[in-house]
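Undergrad: Structure incoming, see below.
Read-outs: derived from the displayed coordinates by stated rules, not from any lab. All figures in this text were calculated on a predicted structure; none of them were measured in a lab. All Cβ positions, even for glycine, are placed from backbone atoms using ideal geometry, and neighbour counts span all protein chains on display.
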Amino acid sequence: MNHKRSKMDFDRAQSCIPGGVNSPVRAFSNVDATPVFYDHAQGSHVWDVDGNEYIDFICSWGPMILGHRPAVVEEAVKRQLARGVSYGAPCESEIEMARTICDLVPSMEKVRMVSSGTEATMSAIRLARGYTGRDKFIKFEGNYHGHSDALLVSAGSGVATFGIPGTPGVTAGAVQDTIVVPYNDITAVESACKQYPQDIAAIIVEPIAGNMGVVPPQEGFLEDLRSVCDRYGIILIFDEVISGFRASLGGAQQRYGVLPDLTTFGKIIGGGFPVGCFGGRADIMDRLAPEGPVYQAGTLSGNPVAMEAGLAQINALQEPGIYEKLEKLGQRLEDGLNDAINDTGIACQVNRVGSLATVFFTDHPVRCWDDAAQCDTEKFARYFSSMLESGFLIAPSQFEALFLSCAHTLDEIDAFVAAAHRTFVAIEASAR
Ligand code: HOZ
């Protein structure tokens, strides 16, 4: 494949954008490559500025669950464009969005819209602290909840990809109340709670970890978190920015039948526009200003274009058969990859939940960050480059998820698996 223009664009970008990218996860430096600059996208396909065509398994890091340019979303956006793009004032589509989320997600009684997942998690933590009058919270190693200061500790996603141990600019004071424990380790959670029985405001967790690669919750883990929170008066926050409206229509909480007190969403609920929200128990949400004293605000919160796009997407997801299709695509991918792994003897693990998956280059099961960190990232880099050259876009990091959309077909999954098989053969041959 020729990437001449992408390379030129990257040079130009580096001269005026730090690292040439507007989010570190878009850099290909960790896989010894330069980023592909997108030109346009349609369905499950993306074209770059050099005219190369790819099947897209990044899907904008999750939002494009219907594929690119779904007609229903485009039409909704066009209708709203003719009525104004930003009001900074209440509008009916905000009510429609909040009502829809409350109707579809089991634990949601009230919702506040924001503009990103980072804002949602940051605000949920502040609210939990304001509600309980406690300062500390627990997060899990390898979980990523956006880039607000207190949450940027032992984080997954780009922080894990680039091996950033602590971030200059995040003060010791900002993280002194952040307690970090291993994912899927309820004993570690219990002992932190015993150590600080009156001080922990919240436990925030990705109910399906998607930012250290995909790591499902072990059986009983979410239930145990719920009961620890009940025992100690701690607010349980599910960060469903990735799993929301993906793991099921009601998110991971519906899939696993465990209800948090607060939930954060982003990605899918914006239909591709910058949106996040947090919500949950009404008695907690009513502590927010202007009803209560916990302050939180945003000029573009509830932006009408984003609301219409998100609503159109969520409405489309309610059509019968959508989640069955995503599950079928995911199962086909998992089975195919496992066949390829068995056939080639490569040391890999496939973790999958529904339409989220990761191929981990390790011979051990991956259940927490320490497991993920053992992966052979050099092999991952070879896998990434080979898949890219074969026309498949995957995240340029071992510690990210692969996203499927309704626009993908079984044939495309089979083609992906065939390319992965060829890649595994080549990696194994060069290792001998
Ligand atoms: N949170 C996503 C990666 N796991 C993408 C957002 C970003 O650009 O950091």
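Undergrad: Taking only the alpha-carbon positions of the range 114-238 and ignoring solvent, what does the Debye formula give for the base-10 log of I(q)/I(0) at q = 0.10 Å⁻¹?
TA: Each listed q maps to, in turn, -0.28.
Undergrad: Turning to a different aspect of this structure: When N is the residue count of the range 34-85, what does its C-alpha Rg come to as a fraction of 2.2 N^0.38 Å?
TA: That works out to 1.32 for the range 34-85.
Undergrad: Exactly which chymotrypsin sites (Phe, Trp or Tyr not before Pro) in the range 246-332 are in a DSSP loop and have at most 13 other Cβ atoms within 10 Å? Before the final figure, lay out the partial values.
TA: Values: sites: 256, 265, 278, 295, 323; in loops: 295.
Passing both the DSSP loop test and the Cβ count: 295.
Undergrad: Please express the Cα-Cα pair-distance distribution P(r) of the chain as a list of whole percents, one per 20 Å bin, running from 0 to the bin with the greatest distance.
TA: Using 20 Å bins, I get a P(r) of 26, 59, 15, 0 for the chain.
Undergrad: Right, here's the next one. Within 15 Å, Cβ to Cβ, of residue 11, how many net charges do the neighbouring residues add up to if Lys/Arg are +1 and Asp/Glu are -1? Could you put the intermediate results ahead of the total?
TA: Values: positive: 4, 5, 7, 12; negative: 9, 50.
Combined, the nearby Lys, Arg, Asp and Glu give +2.
Undergrad: Stretched out fully, how many nm does the piece from residue 1 to residue 75 gain, at 0.36 nm a residue minus the Cα gap?
TA: Details: separation 74, 0.36 × 74 = 26.64 nm, distance 3.46 nm.
Taking 0.36 nm per residue and subtracting the Cα distance, the gain is 23.2 nm.
Undergrad: Here's another thing I want to ask about it. Please list the equivalent ellipsoid semi-axes of the range 134-205, computed as the square roots of five times the alpha-carbon gyration tensor eigenvalues, in descending order and whole angstrom.
TA: Details: eigenvalues 87, 43, 15 Å².
Semi-axes (√(5λ), whole Å): 21, 15, 9.
Undergrad: May I pose another question? Can you give the translational diffusion coefficient of the range 101-171 in µm²/s, computed by Stokes-Einstein from the Kirkwood radius over Cα pairs at 4 °C and 1.567 mPa s?
TA: Working: Rh = 13.8 Å.
So the translational diffusion coefficient is about 94 µm²/s.
Undergrad: Can I ask one more? Filter the DSSP H helices in the chain by two things, a Kyte-Doolittle mean of at least 0.5 and an axial alpha-carbon span of 30 angstrom or more, and list the hits by number. It would help to have the intermediate numbers written out before the result.
TA: Values: long enough: 322-344 (33 Å, -0.90); 410-431 (31 Å, 0.74).
Passing helices, by number: 410-431.
Undergrad: Another question, if that's okay. Looking only at the chain, where both bridge partners belong to it, what percent of the DSSP beta bridges are antiparallel (to the nearest 5)?
TA: 60 percent
Undergrad: Now a separate question. Sum up the charges of everything whose Cβ sits under 11 Å from the Cβ of residue 370, counting Lys and Arg as +1 and Asp and Glu as -1, but leave residue 370 out.
TA: On the way: positive: 367; negative: 141, 185, 371.
With Lys, Arg at +1 and Asp, Glu at -1, the neighbours total -2.
Undergrad: Can you tell me the mean projection area, over all orientations, of the convex hull of the range 304-432's alpha carbons? Units nm², please.
TA: Details: hull surface 36.4 nm².
Mean projected area of the Cα convex hull: 9.1 nm².
Undergrad: Ok, one more. Roughly speaking, what % of Cα-Cα pairs in the range 211-326 are separated by over 23 Å, rounded to a whole number? Numbers along the way, then the final one.
TA: Working: 2617 of 6670 pairs.
Beyond 23 Å sits 39 percent of the P(r) for the range 211-326.
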